[in-house]
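What follows is a single structure, written as structure tokens, with notes after it.
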Amino acid sequence: MRLLQTVKKILESYSIVITTSLLLGMFFSSSIAFLAPYSTPALSVIFFIIALQVDLKQIIEYFKDFRLIAIVTSLMLIVFPFVIYYLTNWLYPDLALAFLILAAMPTAMAAALVAGVIGGRPSLALVFTVVTSLLAPVTVPLVIQFAAGTTVAVNSIDIFLSLGKVIFIPFIVAEILKWLWPKAVGIIEPSFKSVSMVLLGLIFMSTVALQADAIFSDLSGGILVYLVGLFILFIGLHLIGYFAVFWRDQRDRLTVTVCLTYMNFILALYLAQNFFNQPNIVVPIILTVLPWSILVIPFKFLVKKLNFFPVQ
């Protein structure tokens with residue numbers, strides 16, 4: 001029994017799963033690359049599990065504050081991606097498309113957890129996760145088309161269909177299952193996190209395996225440039241997110257900061273690998289895992305210890 005509990009804790013540890021996947025993908029790429037075609041069904045199952053955990057009634061309740069939802073969602077999915085793309089294209093063009101893809105992504109499911117840790121509102125973060133995820137199949141291809149369509153080939157219809165397949169269908173099926181067999185869903189719920197983390201690791205590992213040669217060849221300096229750019233991006237997103245909704249209370253502002261910054265980078269990896277499979281696009285998105293994981297620590301410290309952003 002203890003062994004099973006230990007295995008479950010390991011499988012549910014984000015840092016262990018991501019680190020292991022990164023190392024396996026880099027050093028055993030030839031043996032792992034065959035898993036890449038399974039990233040689509042794996043991502044679909046992840047969104048299916050997310051949908052099983054979502055209470056649509058609670059989501060609908062938050063739409064009473066439609067103004068906040070509409071403004072923040074528009075900023076996250078439309079305004080900020082354009083601003084980040086054009087600014088990056090001016091400063092360092094090689095990273096422009098990678099940063100555009102990242103900025104256009106919906107909020108990650110983990111945002112609700114992070115929001116709770118730093119004093120935000122987890123329930124509001126979950127609302128943004130669901131709303132941005134359901135809108136992403138429409139907004140992502142349009143944003144990429146209008147922002148970068150003149151510099152890269154963008155098949156908006158294929159991107160829409162691909163994202164719709166991994167987001168819309170799982171959400172619909174999950175709602176049907178919750179309606180037909182709610183007790184069965186409750187029984188299997190304890191396994192959701194473990195399964196999600198294993199599938200996330202599979203997607204990350206297979207993508208790293210396909211880009212292993214590019215990662216090793218860039219170790220001399222290219223990766224350092226990518227990392228500096230990514231940390232600047234994420235620090236900027238923290239600041240922009242906090243001040244973007246200046247009229248709200250501190251808890252809402254912290255929540256919006258988290259939702260803007262902690263995007264679904266696994267979905268970004270899936271999109272880049274399938275439609276923009278170039279090292280200068282895929283590798284920076286792979287490296288996103290570092291600022292994504294690390295910066296939450298100083299952010300939490302600033303909020304809780306230094307009281308820079310006091311929670312009311």
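What to note about this one:
- Where helices (runs of 4 or more DSSP H) sit wholly within the range 205-280, those with at least 1 residues that are over 25 Å from SER21 (Cα atoms) and in contact with a Gly (Cβ under 8 Å, 6 or more places away or on another chain) occupy 250-261.
- Across the range 92-107, a minimum of one residue is classified as in contact with a helix residue (DSSP H, G or I) (Cβ under 8 Å, 6 or more places away or on another chain), surrounded by 18 or more Cβ atoms within 10 Å (Cβ to Cβ) and assigned to a strand (DSSP E or B).
- Matching residues, the range 286-302, being over 15 Å from the mean Cα position of the chain (by Cα) and crowded, with 21+ Cβ neighbours inside 10 Å: PHE299
- Among the residues of this structure, ALA111 does not count as one that is at pLDDT 85 or above, of a type in the set (Gly, Ala, Ser) and assigned to a helix (DSSP H, G or I).
- Across the range 220-234, a minimum of one residue is classified as crowded, with 22+ Cβ neighbours inside 10 Å and within 22 Å of PHE27 (Cα to Cα).
- Hey, ILE69 surrounded by 16 or more Cβ atoms within 10 Å (Cβ to Cβ), closer than 18 Å to PHE265 by Cβ and modelled with pLDDT of 85 or more or not: no
- Leading residue by the ranking (nearest to the chain's Cα centre (by Cα)) among those in the range 269-285 that are more than 15 Å from SER206 (Cβ to Cβ) and surrounded by 21 or more Cβ atoms within 10 Å (Cβ to Cβ): PRO284
The values are calculated or read from the model by the stated rules, or taken from the named source; none is laboratory data. Values in this document were obtained by computation on a predicted structure and should not be read as measured data. Positions of Cβ are generated from backbone atoms using ideal geometry, with glycine treated the same way; all protein chains shown enter the neighbour counts.
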